Amino acid sequence: MKMIKVDNNENEGCLNTDVIFDILSRVLAKPLLSMKCISREWHNIISNRSFIKAQLQNTKLDLNGFIVQDRYMISKRDIKTVSYIPVESKNGAKVVHQMVFGFLPEDVVVLASCKGIVCCRSCLPSPNPTIYVCNPSNREWIQLKWSPPCDITESIALAFDFDFEPSKFKLVRVKCIELNNNEDEGDFFFTFELYCSETKAWRKSTEICNCKDDMIKNRGIYIGGFLHWLTEGDQILTFDVEKEMSLLIPVPVPPANELRIVAACIGEYEGRLHYVQVSEQGLHVWCLEDLFEFKWILKDCKLLENFEVEYPRFFFNLKNRVLESSEDTTNPWMNPLCFKDGKLLIKVSAELYIYDMKKDKMVHACSFLQLKPQSMSHPTVFPFSLTLVSLKDA
Amino acid sequence: MAQEASSSTSSKTISLKTGDGEIFEIEASAAKQMKTVQRLIDDLGDDITIPLHNVFSKELPKIIEYYKKDITGEITKDFEAEFVKDLNDDEVKVLFLAANYLDANKLFEFLSQNIADRLESKSVEYVRKYFGVENDFTPEEESKLREERAWSFRGIKEDE
């Protein structure tokens, strides 16, 4: 007769390791990080490589908060202030954290955030410019040299997928160069350099992209193998990381021609690129249905007047203020800073709000002053999710 | 749903006897989903009352209810939500352990996910008690861990 394995401990409510592994692999990263201190065995389970792989497959990444990076001023010296605004706050308290990257050896400027992994760099000027790729949840990081010429305006984006080996990633360094031909005006191009974590080497790509406009909000968003950057000229610079091909995707233009687009940002939701714009017509959220066909679909739309009516304390006289400020594109009255998973961090005057598109709910996050801003220009904001992923090699 | 044509399983019921001596009937096709039961049937024959020492009369009816729905293909998200709605955390745990003992894969995965969802908002102390786990960290080690965990910030209050 076959023996059936029965763990007698089950009667007492003590579960064996396999069963615990199964349950825990379905728990989100944030509570799991707390559970690491339950016992030594649990700490080992949760830190284990194959557990992390199973957990990544069984759970989806939750937007945990927004990293807010103050941008350099005219003097081309980096500002060291980095803040973090969590999406969930206890009792609606306004919680803003500084020193979030204090575990790194120096002050940094955040460059990219992808699936819980963050890429940052030394603040300029620096005697030894370095790039860091880190996971704040376990305080692990790796570093690589940031080879000169180090341009304070350049963007380094992070391409990171869980599907392959969790510790594999690519960095794409984008610079804007001017090539002068015989005529008076120079022509502007984006160049691309790729770093591969497997080869630990940089390589210049032969691909260049002719574009007269510079990147704004300088951060590349990685979705489904493509990196996207918003440019000043209403185009989205897109780069296929595998094929090393670039293209420019025009932003969606709403039917009314009178529209002056006031402020915009891009972000990922449900695996697709979204474009969020604020204009006199209100807040519009578009989804890129087909990348190569440039096909955008309007997902959500809310009039400024409706914001005024629903949130009179926050948005008194919103529409007029937005229209008045549309002349000054450097500091719009209502400025969408970051969009991810249906949540939008938006700056209105001197306050920050989080708008949940799915629930059609706006909450006050904090005042802009709590971020201790030193520059008047809008900060660069990155979405952040907690993961257990370890960057160290096996 | 059409039943299988095989005469040996089409309307055959199996008798199961719980650890506290009660007897329940299930269809043979449902019994197939519980690998432990099926192994016992293979070894003891399907005419004998199958003894299940580690499953009790409180849980077995619920498990049978689940698999009754499963063999007719009627398990939906709504049904699953209803199924666990009135169960407290301990009741779910007992059901889950029973599913584990019975090697009933579908129910096991469903309840495992349900427990994972319930644990997300619970304190460390609660989770320790729930799993019957001893804390074998020293106080110094534990406070160091709490400091490092979950991206600790200046001025943040401890969780409950």
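The values are calculated or read from the model by the stated rules, or taken from the named source; none is laboratory data. Since the structure is predicted, the reported quantities are computational estimates derived from the model, not experimental observations. All Cβ positions, even for glycine, are placed from backbone atoms using ideal geometry, and neighbour counts span all protein chains on display.
Data overview
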item	result
Pick from region B:139-154, criterion more than 18 Å from A:Asn64 (Cα to Cα) and facing chain A (nearest Cβ under 8 Å), ranking: modelled with the lowest pLDDT	B:Arg146
Meets criteria (closer than 23 Å to B:Lys122 by Cβ and either in contact (Cβ under 8 Å) with a residue 40 or more places away in the chain or surrounded by 22 or more Cβ atoms within 10 Å (Cβ to Cβ) (or both)) for B:Asp103	no
Among the candidates B:Val92, B:Val127, residue that is farther than 19 Å from B:Lys35 by Cα, in contact with a Leu (Cβ under 9 Å, 6 or more places away or on another chain) and touching a residue at least 12 places away in the same chain (Cβ under 8 Å)	B:Val92
Residues (within 16 Å of A:Leu63 (Cβ to Cβ) and either modelled with pLDDT of 95 or more or out of contact with any Ser or Thr (no Cβ under 7 Å at 6 or more places or on another chain) (or both)) located in region A:113-123	A:Ser113, A:Cys114, A:Ile117, A:Val118
Residue in region A:125-141 that is more than 19 Å from A:Asn64 (Cβ to Cβ), buried (at least 16 other Cβ atoms within 10 Å of the Cβ) and either of a type in the set (D, E, K, R) or within 10 Å of another protein chain (Cβ to nearest Cβ) (or both) present	no
Positions within region A:199-239 being assigned to a loop (DSSP other than H, G, I, E, B), β-branched (Val, Ile, Thr) and under 26 Å from A:Ser167 (Cβ atoms), in sequence order	A:Thr199
Odd one out for B:Ser143 among (1) surrounded by 13 or more Cβ atoms within 10 Å (Cβ to Cβ); (2) in a helix (DSSP H, G or I)	(1)
Considering residues of region A:17-40 that are in a helix (DSSP H, G or I) and among the small types (Gly, Ala, Ser) only, the residue farthest from B:Glu141 (Cα to Cα)	A:Ala29
Neighbours by Cβ (under 9 Å, 6+ apart or cross-chain): first from region A:258-280, among the polar types (S, T, N, Q); second in a strand (DSSP E or B) and modelled with pLDDT under 85	A:Gln277/A:Ile261; A:Gln277/A:Val262; A:Ser279/A:Ile261; A:Ser279/A:Val262
Of residues in region B:105-138 being hydrophobic (A, V, I, L, M, F, W, C) and within 8 Å of the chain's Cα centre (by Cα), the one farthest from the other protein chains (Cβ to nearest Cβ)	B:Leu107
Qualifying residue in region B:89-101 (condition: more than 8 Å from every other protein chain (Cβ to nearest Cβ) and more than 28 Å from A:Ala54 (Cα to Cα))	no
Output for region A:30-60, where each listed residue is of a type in the set (A, V, I, L, M), in contact (Cβ under 8 Å) with a residue 40 or more places away in the chain and more than 8 Å from chain B (Cβ to nearest Cβ)	A:Leu32, A:Ile46, A:Ile52, A:Leu56
Subset of region B:38-67 (residues that are within 14 Å of chain A (Cβ to nearest Cβ) and either polar (S, T, N, Q) or under 23 Å from B:Glu80 (Cβ atoms) (or both))	B:Gln38, B:Asn54, B:Val55, B:Phe56, B:Lys58, B:Glu59
Flag if B:Thr49 is polar (S, T, N, Q), more than 15 Å from the chain's Cα centre (by Cα) and closer than 18 Å to B:Glu22 by Cα	yes
